[in-house]
1. List every residue pair whose Cβ atoms sit under 6 Å apart, with the two residues 6 or more apart in sequence or on different chains, where the first one lies in the stretch 59-76 and is part of a helix (DSSP H, G or I) and the second, anywhere, is modelled with pLDDT of 80 or more and aliphatic (A, V, I, L, M).
2. Could you identify the single residue in ASP136, ASP40 that is surrounded by 17 or more Cβ atoms within 10 Å (Cβ to Cβ) and of a type in the set (D, E, K, R)?
3. Cβ contacts < 6 Å: first residue closer than 19 Å to ARG118 by Cβ, restricted to the stretch 15-37; second residue hydroxyl-bearing (Ser, Thr, Tyr) and surrounded by fewer than 22 Cβ atoms within 10 Å (Cβ to Cβ), any location; separation 6+ or different chain. Result?
4. Which one is nearest to TYR37 (Cα to Cα) among residues in the stretch 98-128 that are touching a helix residue (DSSP H, G or I) at 6+ places or on another chain (Cβ under 6 Å) and surrounded by fewer than 16 Cβ atoms within 10 Å (Cβ to Cβ)?
5. In the stretch 58-84, what count of residues is obtained for those that are more than 20 Å from PHE147 (Cα to Cα) and open to solvent by 100 Å² or more (accessible area, probe 1.4 Å)?
6. Among the residues of the stretch 104-143, which ones are in contact with a strand residue (DSSP E or B) (Cβ under 8 Å, 6 or more places away or on another chain) and either under 27 Å from LEU48 (Cβ atoms) or part of a helix (DSSP H, G or I) (or both)?
7. If you take the residues of the stretch 144-155 that are in a helix (DSSP H, G or I) and either in contact with a Cys (Cβ under 7 Å, 6 or more places away or on another chain) or not polar (S, T, N, Q) (or both), which of them is surrounded by the fewest Cβ atoms within 10 Å (Cβ to Cβ)?
8. Filter the stretch 85-97 down to residues that are exposed (fewer than 13 other Cβ atoms within 10 Å of the Cβ) and either of a type in the set (A, V, I, L, M) or not in a helix (DSSP H, G or I) (or both), then give me how many there are.
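The values are calculated or read from the model by the stated rules, or taken from the named source; none is laboratory data. Bear in mind that the values here come from a model prediction, so they are computed numbers and not experimental data. Here the Cβ positions follow ideal geometry from the backbone for every residue, glycine too, while neighbour counts run over all protein chains shown. Just so you know, the surface numbers come from the protein's heavy atoms only, side chains and all, with ligands and any DNA or RNA stripped out. Shrake-Rupley method; radii C 1.70, N 1.55, O 1.52, S 1.80 Å.
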Amino acid sequence: MMTRIWYPQLDIYHAIRRVAALLYYWEKNKAPIERLYISDFYFANPVLLHNVRMPADVRATFKELEIPKPDKSFLTYPAPSILFHKMESIQKKGVQAMVAKSLLNSEAIHKGEASLSRFGEKFVESCVVGGLSEKDTRLIEFLARSFSQISEGDSVDLRKRTGLRRMV
């Protein structure tokens, strides 16, 4: 019998669900695409948030989530930058699929931002948000409202704090 291990980080449907949920909670439902990808990375791998340098107020909010440290986790993780790079194609395909299904505004994507369309908002409300656990909702709210505001407008500083970067 052949067994397969499922990695949610590398599943396009899971990426669509994560991105949709993040955008739903993001301020004005509009996010710079690079920040969205970084937030999605940490939604898929929340234990790795312990490695991010955060301002004290953001760190205090993060501690309230009670996310276990990586060494207390059942899984072992590769270096965050390697996993982030591996997730790149999945995230981009997920966003492309969302644009193709009219869940995201295509004009905003061309400007380097992601925002839900009206249809996308209704879809996320009816099919995604209701299926989130309380723990996921708290994590998403942290990522979309607190974490995403770190070094707002300065992508270089955010990349330094997280250690994540991609060639654009």
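1. What qualifies is PRO70/VAL47.
2. ASP40
3. ASN29/SER115; LYS30/SER115
4. GLY112
5. 5
6. LEU104, ALA108, GLY112, GLU113, ALA114, SER115, LEU116, GLY120, VAL124
7. ARG145
8. 0
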